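First the structure, in the form of structure tokens, and then the observations on it.
The values are calculated or read from the model by the stated rules, or taken from the named source; none is laboratory data. Quantities reported herein were computed from a predicted structural model and do not represent experimental measurements. Note that we place each Cβ from the backbone using ideal geometry, even for glycine, and neighbour counts take in every protein chain shown. Just so you know, the surface numbers come from the protein's heavy atoms only, side chains and all, with ligands and any DNA or RNA stripped out. Shrake-Rupley method; radii C 1.70, N 1.55, O 1.52, S 1.80 Å.
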Amino acid sequence: MNKNDRLNCRTKDYMASFGCILKDMICGMCEADMDDSISGNFIRQMIPHHRAAIEMSENFLKYTDNEKLACIAQNIIADQTRGIENLRKALCCCSSVTNCCKDLCEYKCRMNCIMKSMFKDMNCAYVDNSIECNFIRQMIPLAQGGIMMAKAAMCYCICDELKPILESIITGQEKAIAEMKCVAECLNCKCMCM
């Protein structure tokens with residue numbers, strides 16, 4: 001019996017939407033316009049990341065009646081929507097802060113490794129008929145990827161306007177991960193990478 005044979009119709013619909021969101025995010029992050037500004041490059045890759053978190057949460061809200069997890073999803077939507085607004089406001093100013101070739105190359109390599117790992121973990125997350133557990137197993141690697149990307153950017157000379165945004169990404173995503181892990185324990189979600 002393959003994976004799809006053991007999934008009910010609701011889960012298949014949820015997963016189909018998730019697959020489209022993940023594909024769009026991968027395209028958006030991998031095909032972002034890159035130049036000689038680590039700050040600008042980070043912003044252009046983080047916007048599709050945040051958009052995916054919003055869309056995944058909106059997709060999840062169509063299927064759940066778990067109030068605690070629905071509240072977490074609504075908070076993710078609000079936080080990531082604000083995050084996108086802040087990133088867009090900072091883009092013009094931050095793109096003017098340029099970096100040397102060595103730093104750009106090193107940064108790009110680090111980001112590619114983080115993104116590759118995040119995409120794999122999201123795509124290969126264990127799937128069963130608990131949409132709540134599926135959502136948690138998919139969102140945690142997304143949030144972990146956001147934290148790692150923000151921390152990687154902080155290692156370089158970046159725009160002053162971007163620094164508080166990076167700190168906000170780290171604290172917001174760490175809080176969301178902790179909340180989701182707590183719910184996962186209550187739900188006895190299988191195959192969780194804690």
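The trypsin sites (Lys or Arg not before Pro) of the range 47-85 that DSSP puts in a loop, and whose beta carbon has at most 15 other beta carbons within 10 Å, are LYS62. Counting heavy atoms of the protein chains alone, GLU58 has an accessible area of about 90 Å² for a 1.4 Å probe. Per residue, the accessible area of the chain comes to 50 Å², computed with a 1.4 Å probe over protein heavy atoms only. Checked against a 23 Å cut-off, the cross-linked pairs LYS68/LYS175; LYS12/LYS62; LYS120/LYS151; LYS62/LYS120 give Cα-Cα distances beyond that limit for LYS62/LYS120. Here each label is just a point 7 Å from Cα along the line to Cβ, and for CYS155 and TYR126 those points are 3.1 nm apart. Across the protein chains, with a 1.4 Å probe defining accessible surface, the residues MET192, MET180 rank MET192, MET180 from largest area downward. For a modelled paramagnetic label at SER168, 7 Å from Cα along Cα-to-Cβ, the residues of the range 88-110 in reach, with backbone nitrogen under 20 Å, are 88-97. Of the solvent-accessible surface of the chain, computed with a 1.4 Å probe over protein heavy atoms with every protein chain present, carbon and sulfur atoms account for 54 percent. Pairs of alpha carbons in the range 14-167 separated by more than 26 Å make up 26% of all such pairs. The dipole here belongs to the chain: it is taken about the Cα centre, uses +1 on the Cβ of Lys and Arg and -1 on the Cβ of Asp and Glu, and is about 400 debye.
The simple spin-label model puts a point 7 Å past each Cα toward its Cβ; for LYS190 and CYS109 those points are separated by 4.1 nm. Couplings 3J(HN,Hα) of the range 136-152, computed from phi: 4, 5, 8, 6, 4, x, 5, 5, 4, x, x, 4, 5, 5, 5, 5, 5 Hz, in residue order, whole Hz [Karplus 6.51 cos²θ - 1.76 cosθ + 1.60, θ = phi - 60°; x for Gly and Pro].
The candidates ARG44, ARG10, ARG110, ARG137, arranged from most to least accessible area with a 1.4 Å probe in the full protein assembly, appear as ARG10, ARG110, ARG44, ARG137. Report, in degrees rounded to the nearest 10, the 0 to 90 angle that the Cα long axis of helix 101-123 makes with the longest principal axis of the chain. Computed tilt is about 10 degrees.
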